[in-house]
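Chemist: What follows is a single structure, and I will ask about it in a moment.
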Amino acid sequence: GLFSSMINAYIYNSRRKQENINIFEITKITRDLNKYNYVLGALFDETNFDDKITGNKIRNDFVYVKSLICNTLNRLGFSDIDFSYDLSEDFMHPFNKVKLMHKGNLIGYIFQVHPFYLRKEKLNKEIVYVELDLTYIQSNINNKKTFEDFTSKPYVEKDLTMTIDEGRRVNLSLTNLVKDIEEVHSIKFIDIYQDDILRKDGKKSVSLRVKFDNSKNMSSEDIEKTLLLIGKKLYN
């Protein structure tokens, strides 16, 4: 299958001393006779990177990848994703694995590769694999348009996701969070996420959507600086 070819490509490159290996592939997979779907496969190793807001190291692990994929699907209109855990392949981690279901249809899955499999192949990094049915996703994207009062001022929306202490009551601080930042038109919650790993560390992942008043033609750098400021206020 797609995973087998991608993990073999990872092993090949790893044995040639390559670092930070992330592999993506789109291929056709036959579902029924004379019918195929385009499928995305993505394989990530545990590459740490710096969180610009907190200065902490973020692990590109199962928790982070799952949150990233689910937030992306939510933006595409898939707000009713169900999780199923009946995966039993030997190369899958016993706990860090999930099927993504939409209205009873399997649209993808995410799993961490089993440590035993990695040791057998002499690999020393955690590996996370994602597979998504692009044909199904494209056919079911929510393209419904909503209408708002016309304004001559253009707006720009950006999402901000960060990990904070479990006990922090973010909903009480949102109203005061941006009151002194004139470029921000509004801010709202998208998602609060917590799995067993985050719960063990006393943390939760919070995603916010920030709408900027772009009448001053803010640059990407200005928007990024404002997001960092909001993140620091939320974290402190």
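Quick note: the coordinates plus some simple rules give every number you see, no bench work behind them. Computed from a prediction, not measured in an experiment: that's the story for all the values here. Reconstructed Cβ throughout: ideal geometry from the backbone, glycine too, with neighbour counts over all protein chains shown.
Chemist: Can you compute the modelled spin-label distance between Val156 and Ile29, with each label point 7 Å from Cα toward Cβ, in nm?
Modeler: About 3.7 nm separates the two model spin labels.
Chemist: Going by C-beta contacts inside 10 Å, put Arg75, Arg16, Arg119 in order with the fewest on the left. Spell out each step's value before the answer.
Modeler: On the way: Arg75 16, Arg16 7, Arg119 10.
Final ranking by Cβ density, sparse to dense: Arg16, Arg119, Arg75.
Chemist: To continue, here is another question. Any of Lys203/Lys225; Lys17/Lys122; Lys99/Lys203; Lys188/Lys232; Lys179/Lys233; Lys158/Lys188 with alpha carbons more than 18 Å apart? Name them for me. Walk me through the numbers before you get to the answer.
Modeler: Working: Lys203/Lys225 25 Å; Lys17/Lys122 12 Å; Lys99/Lys203 24 Å; Lys188/Lys232 16 Å; Lys179/Lys233 12 Å; Lys158/Lys188 11 Å.
In this structure, Lys203/Lys225; Lys99/Lys203 lie more than 18 Å apart at Cα.
Chemist: Mind checking which aspartates and glutamates have their Cα closer than 14 Å to the Cα of Lys28? Skip sequence neighbours fewer than 8 apart in that chain.
Modeler: Straight-line reach from Lys28, under 14 Å: Glu131, Asp133.
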